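Enquirer: This structure is in structure tokens; I'll ask about it shortly.
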Amino acid sequence: MSDPQPFEPISRDTVSSQIRAQLLKRITTGELAPGSPMPSERELSALFQVARTSVREALQGLLSMGVVERRGNRSYVSEHLPSVVVERGADRKTFVAELFETRRVLEVPIFEMAAERATTESREQIAALAESFNENLNIAEFRHLDREFHTSIAQCCGNPLLIELYNKVLDELFRSVEFDELLGAEKNRDEVAQIIADSCAAHRAIAKALSSSDNGAMASMTKSHLDQVEQSMVDDLD
């Protein structure tokens, strides 16, 4: 797992809501994993360089949303479902194909719901996120943005159970040795660069479908994107 990205500076406007938004982003992208302890109020106050009262308000907001829970005197990321545990076979390409098959079953209908239910603000934020992709990203930078992009869209579907299930599948994918080996191998550098380039274009198309509330286009673009990445990883990477 790559080192966590630094927290963004906080302006003086709606401090607690900005803290809450940044922490929620870390939770939905898996950087703060289900069941893990949240940083203490003192730690967060130092990290964000704000008063502890603002941190306390932000954590209370996350508690109200149900994404954080109290255990004694400590806050933890909520974990409503058990972690996904997958038996690895001898063939890592088969494992990759199985994960993408699972993603298609979940991601296509979840993204369709997102196209129908996303707020105007969410559509604008995801469109901006799609534009941050470019062909010059290295694989670590790309994977971090890729996880954020997909989980941000899933968050718009409005079904907490589906969101949690989907995130656990992504956890299995993004933390797998099989993916790290295939994407990180020097001999696959040119093929991985092509995957990044193709994905950048696909993400912009998916964001466009979301912006226009076109759930038919969203389903088509999402399936096409997953099919393309799977084919590239199974057929082109060694």
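The values are calculated or read from the model by the stated rules, or taken from the named source; none is laboratory data. Just so we're clear, the structure is a prediction, and the values are computed from it rather than from any experiment. Neighbour counts run over all protein chains shown; Cβ positions are idealised from the backbone, glycine included.
Enquirer: When K223 is evaluated against the numbered criteria (1) surrounded by fewer than 18 Cβ atoms within 10 Å (Cβ to Cβ); (2) touching a residue at least 60 places away in the same chain (Cβ under 8 Å); (3) closer than 20 Å to Q125 by Cα, which criterion, by number, is the only one it fails?
Expert: Only one criterion is unmet by K223, namely (3).
Enquirer: Another question about this same structure. Would the range 200-214 turn up any residue that is among the charged types (D, E, K, R), within 17 Å of A97 (Cα to Cα) and under 18 Å from the mean Cα position of the chain (by Cα)?
Expert: Checked against the condition, which is being among the charged types (D, E, K, R), within 17 Å of A97 (Cα to Cα) and under 18 Å from the mean Cα position of the chain (by Cα), the range 200-214 yields no hits at all.
Enquirer: Name the single residue that is farthest from E116 (Cα to Cα) among those in the range 215-237 being in contact with a helix residue (DSSP H, G or I) (Cβ under 6 Å, 6 or more places away or on another chain) and acidic (D, E).
Expert: D236
Enquirer: Further question: Would you pick out the residues in the range 130-146 that are under 16 Å from F179 (Cβ atoms), out of contact with any Gly (no Cβ under 7 Å at 6 or more places or on another chain) and part of a helix (DSSP H, G or I)?
Expert: A140, E141, F142, R143, H144, L145, D146
Enquirer: Still on this model: Please verify whether P39 is surrounded by 15 or more Cβ atoms within 10 Å (Cβ to Cβ) and modelled with pLDDT under 90, treating the condition exactly as stated.
Expert: No.
Enquirer: I'd like to check which helices (runs of 4 or more DSSP H) are fully inside the range 12-68 and have at least 3 residues that are among the basic types (K, R).
Expert: Because the criterion is at least 3 residues that are among the basic types (K, R), the helices (runs of 4 or more DSSP H) in the range 12-68 that meet it are 15-28.
Enquirer: If you don't mind, there's one more thing I want to ask. Which of the residues spanning the range 181-210 are touching a residue at least 60 places away in the same chain (Cβ under 8 Å) and either not in a helix (DSSP H, G or I) or not charged (D, E, K, R) (or both)?
Expert: Of everything in the range 181-210, those that are touching a residue at least 60 places away in the same chain (Cβ under 8 Å) and either not in a helix (DSSP H, G or I) or not charged (D, E, K, R) (or both) turn out to be L182, I196, A197, S199, C200, H203, I206, A207, A209, L210.
Enquirer: Still on this structure, I have one more. In the range 13-57, how many residues are more than 25 Å from H150 (Cβ to Cβ) and among the hydrophobic types (A, V, I, L, M, F, W, C)?
Expert: Result for the range 13-57: 8.
Enquirer: Under 7 Å between Cβ atoms, which residue pairs at least 6 apart in sequence (or on different chains) link something in the range 104-132 that is in contact (Cβ under 8 Å) with a residue 60 or more places away in the chain with a partner that is β-branched (V, I, T) and part of a helix (DSSP H, G or I)?
Expert: That search, which allows pairs on different chains as well, returns L106/V169; E107/T222; V108/T222; F111/I153; F111/T222; A114/I153; I126/I153.
Enquirer: What number of residues within the range 226-238 satisfy the criterion of being closer than 18 Å to V108 by Cα and crowded, with 17+ Cβ neighbours inside 10 Å?
Expert: So the count comes out to 3.
Enquirer: If T14 satisfies every condition in (1) among the hydroxyl-bearing types (S, T, Y); (2) modelled with pLDDT under 85; (3) surrounded by 18 or more Cβ atoms within 10 Å (Cβ to Cβ) but one, which is the exception?
Expert: Unmet for T14, out of (1) among the hydroxyl-bearing types (S, T, Y); (2) modelled with pLDDT under 85; (3) surrounded by 18 or more Cβ atoms within 10 Å (Cβ to Cβ): (3).
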